[in-house]
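The next block holds one structure in the form of C-alpha cells; read it before the comments.
The values are calculated or read from the model by the stated rules, or taken from the named source; none is laboratory data. Computed from a predicted model, the values in this text were never measured in an experiment. Note that each Cβ is placed from the backbone with ideal geometry, even for glycine, and that neighbours are counted across all protein chains shown.
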Amino acid sequence: MNKQIKNLIINNRNLIVFTHDLFVICSAWISAYIIRFNFVVPEDQFISMISNLGTVVFVQAILFLYLRIHRASWRHSSIIDIRTISAGVFYSTLVLAGYFTFYYDHQPVIPRSIILLNPLLLILFMFGSRIIYRGLREYKEYDFSSIKPKNAIILGTSKEGVSLVKTLSRNPNWRILGLLGSDISLKGREVSGVKILGAIELLPKLYKKLKIETAIIAMPSSDFEERRIALNIIKNLDLELLTIPNFEDLSSGRLSVSQIRQVDVEDLLGRDAVNLDNSDLKKLIQNDIVMISGAGGSIGSELTRQVLKFKPKIALCVDISEAALYQLEQSIHDPSKTKILFVVADIKNEKRMKDLLGRNKPSVVLHAAAYKHVPLMETENVAEVLINNAKGTFLLAKICKSLNVNKFVLISTDKAINPTNVMGASKRLAEILCQTLQSKTGTEFIIVRFGNVLGSSGSVIPLFKKQIEMGGPVTVTHRDITRYFMSIPEASQLVLQASMMGLGGEIFVLEMGKPIKILDLAKDMIKLSGLHKDEIKIIFTGLRPGEKLFEELLANHEFTKPTKHKKIRIAVTTKLKQKFSNKAIIKWINYSSDMNEAKIKKELKRWVKDYKSTR
C-alpha cells in the first residue's frame with residue numbers, strides 16, 4: 001500500500017512538471033513573437049502564432065518526454081540538467097526549422113528571428129524556473145536567523161578550489177571571503193562572486209584585516225611542497241584549519257560540504273604521489289600467485305591491497321596472528337576473480353612453510369613478517385627477535401630457493417644501517433643471509449629498506465594522538481630526535497616497484513625526503529587538535545634502550561646509485577670479508593635462547609660488524 005502511494009506521488013509530481021513544461025513551451029513561443037514585434041504583434045502574425053502553437057507544443061513535448069526531462073529532480077538541478085534541456089530544445093528547434101522552411105506554405109511566413117528567439121527563451125524559462133525552485137527550497141531549509149556563518153578563506157585556485165567556492169557559497173554556514181592561490185595572474189578575478197585576492201603568502205596580512213576564522217586548503221592536485229608551504233603558513237595563525245580529500249580520494253570533480261575535514265598530521269608529513277610502472281607490475285603479478293608474509297601488519301596489509309589491484313591468480317596472506325588476519329579479511333572488498341587465502345602460520349615452522357609453498361607454488365614472496373618494536377625487543381626479547389627476524393627470514397628464503405620461486409623480497413628497515421639495537425641488527429643479519437643465498441640463476445633475492453611509516457602500529461603518531469586525547473602530557477624521548485616518515489601506501493607501492501626492478505642481490509633504498517624533528521611533530525599535532533601549546537605539556541623522557549637520535553639511510557661502507565625511478569636508489573655495498581657460513585649463523589641463533597641479554601649483544605658483534613650496542 002505504501003509503495004502504491006509513493007508511486008502515485010511520484011507520478012503526480014511528474015505530471016505536474018510535464019504540465020509546467022507545456023506551459024513554458026507556450027510562453028516561450030508567445031514571448032518570442034512579443035519581443036520580435038516590440039509588444040505589438042500584427043493581426044496576421046498573431047493568427048499565425050496561435051495556429052502554429054499546437055505544432056510547436058507537440059514537437060517539443062515529444063522530445064522532452066523522450067529525454068525524460070520531467071523526471072529530473074528540481075531540488076538538485078545542475079549543469080547536467082541544463083545540458084539535457086538544451087539538447088531537447090536544440091533537436092526540437094531543428095525539426096521545427098525544417099518544417100517551417102520546407103513544408104509550411106501558409107501566409108504570413110514565420111520570421112526567422114522567431115526560430116532563433118524561441119529556443120533561447122525556452123531554455124531560459126525552463127532552467128530558470130528549476131533554479132528558482134532549488135534556491136527557494138535551500139532557503140527554506142535553513143533558519144538564517146540562528147546561523148552565524150564562519151568567515152573562511154580558500155587556499156587553491158584549481159578546479160577543486162573553484163568547485164568548493166561554488167558549493168560553500170550556497171551554504172549559509174559559510175561566508176567565503178576570498179581565494180588565495182599560487183597563480184598570481186588570476187589576482188582580481190572572481191569565482192561565483194568571490195574575489196581571488198592573490199598569493200597564499202598574503203594570508204598573515206589578511207588574517208586580522210578580514211577577521212578570518214577558518215582556512216580551507218583545496219589543493220589536492222598540487223605537489224606536496226606547495227601544500228606544505230600553505231600548511232606551514234596557516235599553522236602559525238590562530239585559525240581553524242580544514243582541507244579536502246587528496247586528489248586520488250576524490251571520486252569526481254564535484255565536492256560536497258561533507259568532504260571537508262580537519263587537517264591531520266599525515267597532511268603535514270605526506271609526500272607526492274608515486275608513479276608506478278603499472279605495465280611491468282602487471283607482468284610481475286597478474287594471473288600469478290603472490291605470497292605476503294606478515295600480511296596482517298601495517299605494511300603487509302597495504303601490500304596485500306596493492307597486489308590485489310594487479311589481479312593475481314591467488315593472493316596467499318600469511319600471518320601468525322589470527323586477529324590481524326581476521327581484520328585484514330574484513331577490510332578487503334575485492335571484486336576481481338582473485339582467490340585470497342588467509343593462512344595462520346609461523347614462518348619459523350619450516351615444515352609448515354615447505355608444505356604451504358609447495359602446494360601453492362607462489363612466483364613472488366613479499367616477506368614483511370618481523371618483530372619491529374625497538375625498546376620492547378631490546379631487553380628480555382633479544383633472542384626471540386633474532387630467531388624471528390633473522391632465522392625465520394633465512395628459513396623462508398631457503399625454501400623459496402629450493403622451490404625456484406621467482407622473487408623473494410625482504411622488507412628491511414633503516415635501523416639495519418649501523419644498528420644500535422638488536423632489532424636493527426637482526427634485520428641486517430637477515431639481509432646478509434638473503435644475499436648469501438643469491439646465485440647467478442634461480443630465485444632473485446631483493447632487499448628494500450625504508451624508515452618509519454605514518455600510522456603504523458607502535459609508531460609515534462598514534463601514541464601522540466592518544467596522549468593528546470587524554471589531555472597530555474605528550475612524551476618525547478629527546479629534544480633533538482629526528483625520524484624519516486613516509487605513508488604506508490607510498491612505501492608499499494615503492495616496494496612493489498623495487499620488486500619489479502630487482503634482478504637479485506640488490507639492496508634498494510627508498511627516498512625518504514627530509515628528516516622530521518619529533519618535537520616539532522608533537523607541537524604540530526597539539527596545534528591540529530585545536531589546543532594551544534600551553535594547554536598540553538610536552539615532557540622529555542630520555543632515549544630508550546637501543547634508540548638513536550637520528551636514523552641513517554646508508555652504512556659507513558655504502559653509497560647509492562640511481563635507478564630509473566626517482567624515489568628508489570640502489571645501495572652499493574663494499575664487499576665485507578665474511579669468515580663464517582649461514583650454517584654457523586643459524587647455529588649461533590639457535591643457541592642464543594640459552595644466553596643472557598649481555599652475552600647475546602656481545603657475540604652479535606661477531607656477525608654484524610657495524611652493530612654497536614648502546615648498553
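Go through Gln60, Gln45 for me and flag whichever is touching a Pro at 6+ places or on another chain (Cβ under 7 Å) and outside any loop (DSSP other than H, G, I, E, B).
Unique residue meeting the criteria: Gln45.
Within segment 92-101, can one find any residue that is surrounded by 18 or more Cβ atoms within 10 Å (Cβ to Cβ) and not hydrophobic (A, V, I, L, M, F, W, C)? Don't jump to the end; show me each part of the working.
Going through segment 92-101, the residues surrounded by 18 or more Cβ atoms within 10 Å (Cβ to Cβ) turn out to be 92-93, 96, 100.
Among the residues that remain, those that are also not hydrophobic (A, V, I, L, M, F, W, C) are: 92-93.
Yes, there is a match, as at least one residue in segment 92-101 is surrounded by 18 or more Cβ atoms within 10 Å (Cβ to Cβ) and not hydrophobic (A, V, I, L, M, F, W, C).
Taking Asn582 and the conditions (1) touching a Lys or Arg at 6+ places or on another chain (Cβ under 8 Å); (2) modelled with pLDDT under 85; (3) assigned by TED's automatic domain parsing to the domain that holds Phe394, which numbered condition does it fall short on, given that it satisfies the others?
(1)
Restricting attention to segment 357-386, which residues are crowded, with 19+ Cβ neighbours inside 10 Å and either assigned to a helix (DSSP H, G or I) or without any contact (Cβ under 8 Å) to a residue 60 or more places away in the chain (or both)? Full working, then the answer.
Keep residues of segment 357-386 that are crowded, with 19+ Cβ neighbours inside 10 Å, which gives 357, 362, 364-372, 374, 377-378, 382-383, 385-386.
Those that are crowded, with 19+ Cβ neighbours inside 10 Å and either assigned to a helix (DSSP H, G or I) or without any contact (Cβ under 8 Å) to a residue 60 or more places away in the chain (or both): Leu357, Tyr371, Val374, Met377, Val382, Ala383, Val385, Leu386.
So Glu329 clears everything in (1) of a type outside the set (Val, Ile, Thr); (2) surrounded by fewer than 17 Cβ atoms within 10 Å (Cβ to Cβ); (3) modelled with pLDDT of 90 or more; (4) closer than 25 Å to Met486 by Cβ except one condition, right? Which one?
(4)
Could you please give the count of residues in segment 398-421 that are hydrophobic (A, V, I, L, M, F, W, C), assigned to a helix (DSSP H, G or I) and surrounded by fewer than 24 Cβ atoms within 10 Å (Cβ to Cβ)?
Result for segment 398-421: 1.
With respect to Ile507, determine if the residue is over 21 Å from Ala369 (Cβ atoms) and either buried (at least 20 other Cβ atoms within 10 Å of the Cβ) or modelled with pLDDT of 85 or more (or both). First the steps, then the outcome.
Numbers: over 21 Å from Ala369 (Cβ atoms): no; either buried (at least 20 other Cβ atoms within 10 Å of the Cβ) or modelled with pLDDT of 85 or more (or both): yes.
So Ile507 does not fit the description; no.
Residues being of a type in the set (D, E, K, R), modelled with pLDDT under 90 and over 18 Å from Ile332 (Cα atoms): count how many of those fall in segment 275-310.
Residues meeting the conditions: 4.
Looking at Ser492, is it surrounded by 24 or more Cβ atoms within 10 Å (Cβ to Cβ), in a helix (DSSP H, G or I) and under 24 Å from the mean Cα position of the chain (by Cα)? Break it down into steps so the answer makes sense when it comes.
Numbers: surrounded by 24 or more Cβ atoms within 10 Å (Cβ to Cβ): yes; in a helix (DSSP H, G or I): yes; under 24 Å from the mean Cα position of the chain (by Cα): yes.
Against the criterion (surrounded by 24 or more Cβ atoms within 10 Å (Cβ to Cβ), in a helix (DSSP H, G or I) and under 24 Å from the mean Cα position of the chain (by Cα)), Ser492 qualifies.
Across segment 129-179, what is the total count of residues that are at pLDDT 80 or above and closer than 28 Å to His20 by Cβ?
Number satisfying all stated conditions: 5.
Before we move on, is Ala72 of a type in the set (Gly, Ala, Ser) and under 23 Å from Tyr133 (Cβ atoms)? Full working, then the answer.
Details: of a type in the set (Gly, Ala, Ser): yes; under 23 Å from Tyr133 (Cβ atoms): yes.
Criteria met by Ala72.
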